[in-house]
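Each remark here refers to the structure printed beneath this line.
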Amino acid sequence: MTKDDAVPVAVAPAKRQPINKYAFGCALLASMNSVLLGYDISVMSGAQIFMKEDLKITDTQIEILAGVINIYSLFGSLAAGMTSDWLGRRYTMVLAAAIFFTGALLMGLAPNYAFLMAGRFVAGIGVGYALMIAPVYTAEVAPTSARGFLTSFPEVFNNSGILLGYVSNFAFARLPVHLSWRAMFLVGAVPPIFLGIAVLAMPESPRWLVMRGRIEDARRVLLKTSDSPDEAEDRLLDIKKAVGIPEDASDGEDVVAIVRANKASQGEGVWKELLLNPTRPVRRMLVAGLGLMFIQQATGVDCVVMYSPRVFERAGIKSKTNSLGASMAVGVCKTFFIPIATLLLDRVGRRPLLLASGGGMAIFLFTLATSLLMMDRRPEGEAKALGAISIAAMLSFVASFASGLGPVAWVYTSEIYPVRLRAQAAAIGTGLNRLMSGATTMSFLSLSNAITIAGSFYLYASIAAAGWVFMYFFLPETKGKSLEDTVKLFGKDTDDDDDVDTSRHERKRSTELSAQH
């Protein structure tokens, strides 16, 4: 035996698949509507201070105005489900940008409270559209190797929009009262113009193209957005199977059969299958997806975003300008910690991030509530220290949310439903998410008056703890699964046929053997 034979050769670790640049660009553009979403929600936190003084409106009117955008977004999310199947994912995003533009103009030019409510209604429709369509489109375009990373982009941009809203509050706070809040809203009318044009450069979702019988168009998009030609073909076969199109069908071949197979995918019977007569796997998907959407908002994160100046004031920051400046820390915190989840989603998985995030949120909400409660029972010197603890706990809560539950919930719910149900199921989940956001933000001031701010945060801490238990027992891991394979984690559907998978697995095996030789 020679010396060289005795020393084993080191084997280089397998390199991670590089991010597909075309898919990255598509996800980037699709997610930019979420900037407007975050901006419209957070800009209200500072604008309400000046609106109250300028328009002489009450706390109750402010509370309704702040939270009702989320209730209005219910209509947008449900309409987006139908629009995305009718017009396609891409033109639905263009429509969302147009709606945001109109809403920003109406709010910025509003002469009275009623006009403001009309503007919030239009903006709310845009919020619903953006929340539903961006994750769905990105999940359908992204390759499996980077789906978690790319599908978290909407939440990244949403939090960037939240930060910009706080920056706008601070930047325009020194204008005359009657101009300051108007400028905050009108600035939001500029980005939609550019975003609506930019989205037109994107391709349509390959899944929507297949549902319309445009097989070759879908293949071209998949070749650009997949990590290899083999993966593109596998994804195409998966989509065909999920939609019900024959494996060997292509454009111009048996178009009547394709149209018939796609009727269910284009919305006919979907609501019945989802709500009236769901199979056991679909029922489990709905429990997981809707439960996650409920938990994400019932823990009160939007109350912190919307009313952060009031919470900071309660913690001892009395100056209006200082409280707006401190509120920017909330936006910075959310924006800074989002990339943690984005980078780890496809490495450690969805479940570990969700569980770590939910546990941290429960702990920091409890700490925030306890410190606020004790502030009223301690002398001034100790109260200042408790105020600092309150602020640190609030920022830590935001960081926990942003590094897990915030982005991961949207990723998870965009990938667990079968293609024939995905748009409508995502719309229902988005609707519930917005309903809970509206319920918490519209009740926060009244709830705080009834049981104190500390009591409100104790309630949210209890919900976060219960949410952790739910996520532990009900959410399977989806990391590394194709969209079509993910649905099998919830059980075998009655439409599944293992024989249909045979050719796909045989071709994969053949490819692996060829690579070995």
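For the stretch 298-410, what is the relative contact order in percent, using Cα pairs closer than 8 Å and at least 6 residues apart in sequence? Please list the in-between numbers first.
Values: 117 pairs, mean separation 42.2, N = 113.
Over the stretch 298-410, the number comes to 37 percent.
Express in % the proportion of alpha carbon pairs of the stretch 312-364 at distances exceeding 17 Å.
Values: 754 of 1378 pairs.
More than 17 Å apart: 55 percent of the Cα pairs in the stretch 312-364.
Quick one: if you take sqrt(5λ) for each eigenvalue of the C-alpha gyration tensor of the stretch 41-141, what semi-axes come out, biggest first, whole angstrom? All intermediate terms of the calculation are to be shown ahead of the outcome.
Working: eigenvalues 170, 28, 22 Å².
Working through the eigenvalues yields semi-axes of 29, 12, 10 Å.
When only DSSP loop residues count, what trypsin sites (Lys or Arg not before Pro) in the stretch 159-256 have their Cβ near at most 13 other Cβ atoms within 10 Å?
Numbers: sites: Arg174, Arg182, Arg207, Arg212, Arg214, Arg219, Arg220, Lys224, Arg235, Lys240, Lys241; in loops: Arg174, Arg212, Arg214.
Taking the stretch 159-256 and a limit of 13 other Cβ atoms within 10 Å, the loop trypsin sites (Lys or Arg not before Pro) found are Arg174.
What is the local net charge at Met471, summed over the other residues whose Cβ is closer than 12 Å to its Cβ (Lys, Arg +1; Asp, Glu -1)?
Numbers: positive: Arg350, Arg351; negative: Glu477.
Taking every Cβ under 12 Å from that of Met471, the sum is +1.
Could you work out the helix-only [θ] at 222 nm for the chain, with each DSSP H run of four or more residues adding -39,500 (n - 2.57) and the total divided by the number of residues, to the nearest 500 deg cm²/dmol? Could the numbers behind the result be given before it?
Details: 24 runs with 395 residues, N = 517.
Helices in the chain give a 222 nm mean residue ellipticity of -25500 deg cm²/dmol.
Calculate the radius of gyration of the Cα atoms of the stretch 76-210 to one decimal place, then report Dmax, the largest Cα-Cα distance, as a whole number, both in Å.
Both quantities, over Cα of the stretch 76-210: 16.4, 55 Å.
What net charge is computed for the residues neighbouring Gly161, neighbours being all others with C-beta under 12 Å from the C-beta of Gly161, Lys and Arg scored +1, Asp and Glu -1?
Details: positive: Lys334; negative: Asp40, Glu155.
Residues near Gly161 contribute -1 overall.
If the stretch 288-421 were replaced by its equivalent ellipsoid, with semi-axes equal to the square roots of 5 times the Cα gyration tensor eigenvalues, what would those be, largest first, whole Å?
Here the semi-axes work out to 32, 14, 13 Å.
So how far, in whole Å, is the C-alpha centre of the stretch 436-491 from the one of the stretch 88-123?
Result: 28 Å between the Cα centres.
Can you work out the accessible area per residue across the chain, with the rest of the protein chains kept in place, probe 1.4 Å, in square angstrom? If you can, show how the numbers build up before the last one.
On the way: 20900 Å² over 517 residues.
Each residue of the chain exposes 40 Å² on average to a 1.4 Å probe.
Give the distance, in whole Å, between the Cα centre of the stretch 196-232 and the Cα centre of the stretch 354-429.
36 Å
If I model the chain as equal point scatterers sitting on the Cα atoms and use the Debye formula, what is log10 I(q)/I(0) at q = 0.13 Å⁻¹?
Here log10 of I(q) over I(0) equals -1.20.
Using a 1.4 Å probe over the heavy atoms of the protein chains, calculate the carbon and sulfur portion of the accessible area of the chain as a whole percent.
65 percent
In this model, which of Lys240/Lys479; Lys21/Lys224; Lys272/Lys479; Lys21/Lys240; Lys241/Lys488 are farther than 20 Å apart at the alpha-carbon? Don't skip to the end; give the middle numbers.
Values: Lys240/Lys479 22 Å; Lys21/Lys224 9 Å; Lys272/Lys479 30 Å; Lys21/Lys240 25 Å; Lys241/Lys488 14 Å.
Beyond 20 Å: Lys240/Lys479; Lys272/Lys479; Lys21/Lys240.
The values are calculated or read from the model by the stated rules, or taken from the named source; none is laboratory data. What you see is a predicted model, and the numbers here were worked out from it, not measured in a lab. Because the Cβ atoms are built from the backbone with ideal geometry, glycine has one as well, and the counts that use them run over all protein chains shown. Side chains included, ligands, DNA and RNA excluded: accessible areas come from the protein's heavy atoms. Shrake-Rupley method; radii C 1.70, N 1.55, O 1.52, S 1.80 Å.
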